[in-house]
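Just so you know, all these numbers are worked out from the coordinates, no wet-lab data involved. Note that the coordinates shown come from a computational prediction; the quantities given were computed from them, not determined experimentally. Heads up, the Cβs are rebuilt from the backbone with ideal geometry, glycines too, and the neighbour counts pull from every protein chain shown.
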Amino acid sequence: MNPWKRMAAESAAAQVASGMTVGLGTGSTAAFVLEALGIRIRDGLRITGVPTSEATAARARELGIPLALDVVSDIAIDGADEVDPRTLNLIKGRGGALLREKIVAQATRRFLVVVDETKLVFQLGAGLLPVEVAPFGWQATARRLENLGAQLQRRDFVTDNGNYILDCSFGLMDNPESLASQLDHIAGVVEHGLFIGLTAEVHVGKPSGAQILRQLPK
């Protein structure tokens, strides 16, 4: 158990109020959010959840969280693999649910991210960037990604949407916004793990307690 992740998850889950529709993330940190919400539901909280994966949906049902059909939510809470604390831009999707995670993140009024402090990076790209691709012609899509400078490997995994994941190493990113735009224009790329300009808050678990990072006014 990671107590820092749990601390961050409980900090974010505390912002959920009765009557809200809540986007429910996927992964080990998001699992702590589900547990925190499950406890509050037993204490009388009334919410509807929007799951970002079949695994999250199954766990939500076990915890008594009712699920919605529409993806629009008042608030969504999810983990992240890397966070730039200056911009709150993210890399997500190493758990394989990036497409549904981004759909929910774009459809929510407030997108909250929960991490422990090891996920904070000076530049995005310290680790792999997941790219979800259509199975048809995936090798051609992979070559396009390699032409952008990626070293990649196809993961032995099929997403909930029936697609493949290419784990790409681009190195440290001087301009993640530009890379995201280039990836958006490759036919065969269904979605990628760069979450640019979507995050309202990042709840960071640290030994000293939970810290909340917010978007600076422009």
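Where does the chain land on Rg/Rh, using Cα atoms and the Kirkwood Rh?
Working: Rg = 16.9 Å, Rh = 17.5 Å.
The Rg/Rh ratio comes out at 0.97.
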Seminar exercise, completed: Rounded to whole angstrom, the alpha-carbon centroid of segment 78-100 lies from that of segment 151-166 at a distance of 17
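Dipole size in debye (nearest 20) for segment 129-195 around its Cα centre, Lys and Arg Cβ +1, Asp and Glu Cβ -1? Before the final figure, lay out each step's value.
On the way: 4 positive and 9 negative charges, 52 e Å.
The dipole of segment 129-195 has a size of about 260 debye.
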Exercise. What's the angle, to the nearest 10 degrees (0 to 90), between helix 28-42's Cα axis and the longest principal axis of the chain?
Worked result: 20
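Taking the alpha carbon gyration tensor of segment 129-195, what are the square roots of 5 times its eigenvalues, largest first, to the nearest whole Å?
Numbers: eigenvalues 67, 27, 26 Å².
The equivalent ellipsoid of segment 129-195 has semi-axes of 18, 12, 11 Å.
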Problem set entry | Nearest-0.05 FRET efficiency for Asp43 and Ser181, computed from C-beta distance (R0 35 Å) | 0.20
Exercise. Relative to the Cα centre, what is the charge dipole magnitude of the chain, using +1 at the beta carbon of each Lys and Arg, -1 at the beta carbon of each Asp and Glu, and rounding to the nearest 20 debye?
Worked result: 320
Exercise. Can you run phi through the Karplus equation (6.51, -1.76, 1.60; θ = phi - 60°) for segment 143-148 and list ³J(HN,Hα) in whole Hz, with x for Gly and Pro?
Worked result: 5, 4, 5, 5, 5, 7
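Within the chain, how many Lys pairs that are eight or more residues apart, or on different chains, come under 14 Å at the alpha-carbon?
Working: Lys5/Lys119; Lys5/Lys206; Lys92/Lys102; Lys92/Lys119; Lys119/Lys206.
Value for the chain: 5.
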Seminar exercise, completed: Rounded to 0.05, the calculated FRET efficiency for the beta carbons of Thr87 and Glu62 at R₀ = 35 Å is 0.45
